[in-house]
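For reference, the structure discussed in these notes is given below.
The values are calculated or read from the model by the stated rules, or taken from the named source; none is laboratory data. Predicted, not measured: the structure shown is a model, and the values here were computed from it. Backbone-built Cβ (ideal geometry, glycine too); neighbour counts: all protein chains shown. Surface areas here come from the heavy atoms of the whole protein model, side chains and all, with no ligands, DNA or RNA. Shrake-Rupley method; radii C 1.70, N 1.55, O 1.52, S 1.80 Å.
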Amino acid sequence: MKKAMIIFASVLVVLVVVLIFVVNYQNSQKTADNPYGKEDLNQATIDQLDDPNYKNQIQPDELEEQIESGEPTTVYFYSPTCSHCQRTTPVLIPMVQELGIDMKKMNLLEFDVWKEYQVKATPTLVHYENGEEQARLVGEQPVTVFDDFFHQEVLEDAPEKEEE
């Protein structure tokens, strides 16, 4: 009986080690050429790498440069572990695609820029123009609130709107 327990425990340990190896290998394959520019990603971020809702990521230095350029910039600050973000993202992405808005995404789990951009909660949506913050929307909101934000704050001065 004792011998059977030792064999069972040994097999269990080997299976756990193999599982850890396989998961680490799969994660290393997924993280190759990721949009975050770093190798050590949180598991929640790795899980979102193949999700089309989480494309258009921006890194902190790129965001700072884009805002300072004065170019209109809309940024969605989120965390992959935030339940409000997990419900908001699938609502926002089709909306910005339909409206033709180039909304950048900043993953706060990977980049600690909370203080630099005065983000106190996720999700936070911020629109910048001429290097200055023009509008901010914080938290999970009804679809109509996001729609109003985009139409009133982001699209109001867009060149496409002037042509119509």
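In the condition set (1) within 20 Å of GLN97 (Cβ to Cβ); (2) acidic (Asp, Glu); (3) modelled with pLDDT of 95 or more, GLU164 is compliant with all but (3). Considering only the stretch 122-135, how many residues are crowded, with 16+ Cβ neighbours inside 10 Å and assigned to a strand (DSSP E or B)? Residues meeting the conditions: 8.
Within the stretch 35-76, being touching a Pro at 6+ places or on another chain (Cβ under 8 Å), in contact (Cβ under 8 Å) with a residue 60 or more places away in the chain and open to solvent by 50 Å² or more (accessible area, probe 1.4 Å) holds for one residue alone: ASN42. Can you find, within the stretch 138-161, the residue that is modelled with the highest pLDDT among those that are closer than 14 Å to VAL96 by Cα and part of a loop (DSSP other than H, G, I, E, B)? By that ranking, first place goes to LEU155. Just so you know, in the stretch 77-95 the residues that are in contact with a Ser or Thr (Cβ under 8 Å, 6 or more places away or on another chain) and open to solvent by less than 10 Å² (accessible area, probe 1.4 Å) include one that is farthest from ARG136 (Cα to Cα), and it is PRO80.
Looking at the structure I just gave you, is GLN118 more than 17 Å from ASP51 (Cα to Cα), at pLDDT 95 or above and touching a His at 6+ places or on another chain (Cβ under 6 Å)? Considered against the rule, which asks whether it is more than 17 Å from ASP51 (Cα to Cα), at pLDDT 95 or above and touching a His at 6+ places or on another chain (Cβ under 6 Å), GLN118 comes out as no. Residues in the stretch 101-119 that are closer than 12 Å to SER79 by Cα, in contact with a Phe, Trp or Tyr (Cβ under 9 Å, 6 or more places away or on another chain) and either assigned to a strand (DSSP E or B) or not β-branched (Val, Ile, Thr) (or both): LYS105, MET106, ASN107, LEU108, LEU109, GLU110, PHE111, TRP114. Residues in the stretch 101-121 that are of a type outside the set (A, V, I, L, M, F, W, C) and open to solvent by 60 Å² or more (accessible area, probe 1.4 Å): ASP102, ASP112, LYS115, GLU116, GLN118, LYS120.
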